[in-house]
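Have a look at the structure below, then the notes.
The values are calculated or read from the model by the stated rules, or taken from the named source; none is laboratory data. Remember, it's a predicted structure, so these values are computed and weren't measured experimentally. In this analysis, Cβ positions are derived from the backbone assuming ideal geometry, glycine residues included, and neighbour counts consider all displayed protein chains. Surface accessibility is based on the protein's heavy atoms, side chains included, excluding ligands, DNA and RNA. Shrake-Rupley method; radii C 1.70, N 1.55, O 1.52, S 1.80 Å.
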Amino acid sequence: MTRYQSRLVTVVIIAIVVILRSPTLLPSLYTGDEGYYGIIANDTLDGGKFYQTAVDTKPPGIYYIYVAVFKLAGKNNLLAVHVLAIFVVAATALVVRRIGARVGDDWAGAWSGIGYAVFLHAYRPGDTLPANTEIFACLFLALSAFAFLQGERKAGCGWMFLSGALVGVATLFRQPSAVNVAVMLACLVYAWLIPGTQTLGNVFRAGTSIVGGFVAPIAGLALCYHWQGNLHDAYLESA
C-alpha cells in the first residue's frame, strides 16, 4: 500500500464514522441511559458519591467519562459527550486497522478498520448511536489487543502488563470485558504447546504480567472507594 493509499484509507474510515454518527449531534438522539449517566455525573459534581447519593447498575467507568465532559463543557452537555464518542469510535477503528495490519497486511488492516466503522452501526440506532459503555470499552479492548501483539512479538512484560491493565480499565465500563484476559492467556498457552514460539518461562512471565495489569486499575479504584466509604455500595449495585 502506498503512502497516498494509506492516507486515503484513514480519511475514509474517519468519514464513515462521522457520517454514521452525525445523527447523534441532534437532540432527538439522546437516550434514557445517557440521562441516567448525566444525572449521576451532575450529582457527583455537586458533591455526591457514586452508588450512594445516585445509583445505577453500571460499572463506574462511564460515569467518570460524563463527569469529565460535564466538568469541561458544562452540566447536561450531551452534545459534547456525543462529539467525544465520535472521536472514540474513530480512534477505535484506526486501532483495529493497526491490529489487522499487524496480523495480516496493510489491506487487511484497512478493511478491518472500515469494517469496524460500518458494522458497529449495523443495528438499531437506539442501541448503536448512544454514548454508551460499549463505545468506550471497545477502545480500551482494541488498545489491549494491540499491546498484547506487541508484547508477544518482543517478549516484553511491560507490554503484557499494559495489555492487562487496559482490559482492567475496559472492565470498569463493561464487566464481560474481563473475558479477554482468559483469551490472551489461552493464546500464550497455545503459542507454547502448538507452534512452540513461546517457552514455558515466557508464558508464565507474560501471563503473570497480564493478570497483574488487569488487577491494578480495579484494585486501585477499590482502594479509592474504600477510602471514600462507598466500596460496599459499589459492589452491591454494579455486581
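Some values worked out for this structure:
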{"item": "Which numbered condition Thr24 misses (of (1) closer than 18 Å to Gly61 by Cα; (2) touching a residue at least 60 places away in the same chain (Cβ under 8 Å))", "result": "(1)"}
{"item": "Cβ pairs under 9 Å, 6+ apart, first in the stretch 170-199 and under 18 Å from Ala131 (Cα atoms) and basic (Lys, Arg), second at pLDDT 90 or above and open to solvent by 50 Å² or more (accessible area, probe 1.4 Å)", "result": "Arg174/Glu134"}
{"item": "Of residues in the stretch 92-107 being open to solvent by 40 Å² or more (accessible area, probe 1.4 Å) and assigned to a helix (DSSP H, G or I), the one nearest to Ile39 (Cα to Cα)", "result": "Leu94"}
{"item": "Flag if Ala142 is touching a Phe, Trp or Tyr at 6+ places or on another chain (Cβ under 8 Å), assigned to a helix (DSSP H, G or I) and closer than 27 Å to Ala93 by Cα", "result": "no"}
{"item": "Total residues in the stretch 195-220, condition at pLDDT 85 or above and either among the hydrophobic types (A, V, I, L, M, F, W, C) or open to solvent by 50 Å² or more (accessible area, probe 1.4 Å) (or both)", "result": "14"}
{"item": "Filter result for the condition that a residue is within 24 Å of Thr171 (Cα to Cα) and either in contact with a strand residue (DSSP E or B) (Cβ under 6 Å, 6 or more places away or on another chain) or surrounded by fewer than 20 Cβ atoms within 10 Å (Cβ to Cβ) (or both), over Tyr116, Tyr66, Tyr123", "result": "Tyr123"}
{"item": "Leading residue by the ranking (modelled with the lowest pLDDT) among those in the stretch 2-38 that are over 23 Å from Ala90 (Cβ atoms) and surrounded by fewer than 15 Cβ atoms within 10 Å (Cβ to Cβ)", "result": "Gly32"}
{"item": "The stretch 164-183 - residue that is closer than 14 Å to Leu221 by Cβ and among the polar types (S, T, N, Q) and, of those, surrounded by the fewest Cβ atoms within 10 Å (Cβ to Cβ)", "result": "Gln175"}
{"item": "Some residue of the stretch 136-147 being among the aromatic types (Phe, Trp, Tyr) and over 13 Å from the mean Cα position of the chain (by Cα)", "result": "no"}
